[in-house]
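First the structure, in the form of structure tokens, and then the observations on it.
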Amino acid sequence: MKTLIIEDDHNTAQFFFEAAHSQGLEDVDIVPSAEEALEQILNTSYDLITLDVHLPGASGLEILSALRAMCPSAIIAIISGHLPGDIEPSTAECADVMLEKPVSVKTLCTLLNNVKQIHIANHNIRALENRSTEE
């Protein structure tokens with residue numbers, strides 16, 4: 001399972017990274033800006049993307065629809081201490097969940113475990129196709 005953490009605060013990024021590793025997720029990338037996130041996504045498909053709102057350059061909300069278009073099956077979790085109350089509905093619909101910082105370890109681990117379960121279920125569903133052609 002591939003995870004992308006888009007977070008400019010080093011300590012927060014490290015906290016998310018360590019939480020992911022504690023849940024058995026080894027394939028985790030971290031980028032500190034929206035521009036680097038878009039570059040990263042051109043080369044890699046992700047199952048989970050965590051996105052901060054306040055980033056250097058473009059904001060997380062400005063790239064949210066592009067992230068959704070580039071990774072349509074990824075779970076996108078906005079995790080920010082600056083969630084505006086007036087996010088346009090069309091923008092908000094691009095995210096799967098919005099969590100306020102500071103996010104608890106328990107909440108973060110629940111998110112990670114749920115995404116792992118979705119990833120496993122998707123893998124098992126795709127395996128059915130291979131099995132049906134063999135029978």
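3J(HN,Hα) along region 105-110, derived from phi through the Karplus expression 6.51 cos²θ - 1.76 cosθ + 1.60 where θ = phi - 60°, amounts to 4, 4, 5, 4, 5, 5 Hz, with x in place of Gly and Pro. Other residues within the sphere of radius under 14 Å centred on the Cβ of Cys71, judged by their own Cβ, net out at -2 (K and R +1, D and E -1). Roll a 1.4 angstrom probe over the protein heavy atoms and tell me the percent of accessible area of region 47-131 that is carbon or sulfur. Percent of accessible area from carbon and sulfur atoms in region 47-131: 56. Working value for the chain: equivalent-ellipsoid semi-axes of 26, 17, 14 Å, each the square root of 5 times a Cα gyration tensor eigenvalue, largest first. Of Val115, Val105, Val53, the residue with the greatest mean-square motion in the GNM of the chain, using alpha carbon springs below 10 Å, is Val105.
Under 5 Å from the amide H of Ile30 lie the amide H atoms of Ile5, each residue being 5 or more positions distant or on a separate chain, with H modelled from the backbone and absent for Pro and chain starts. Volume per residue of the convex hull around the Cα atoms, evaluated for region 1-63, comes out as 68 Å³.
All other residues whose Cβ lies under 14 angstrom from that of Ala20 are scored, Lys and Arg at +1 and Asp and Glu at -1, for a net of -4. Computed over neighbours whose Cβ is under 12 Å from that of Asn43, the net charge equals -2, Lys and Arg +1, Asp and Glu -1. So how far, in whole Å, is the C-alpha centre of region 2-30 from the one of region 73-98? That distance is 19 Å. For the chain, the solvent-accessible area with a 1.4 angstrom probe is 55 square angstrom per residue.
The values are calculated or read from the model by the stated rules, or taken from the named source; none is laboratory data. As the structure is a prediction and not an experimental result, all values here were calculated from the model. Cβ: placed from backbone, ideal geometry, glycine included. Neighbour counts: every protein chain shown. Keep in mind that these areas ignore ligands, DNA and RNA; they rest on the heavy atoms of the full protein, side chains included. Shrake-Rupley method; radii C 1.70, N 1.55, O 1.52, S 1.80 Å.
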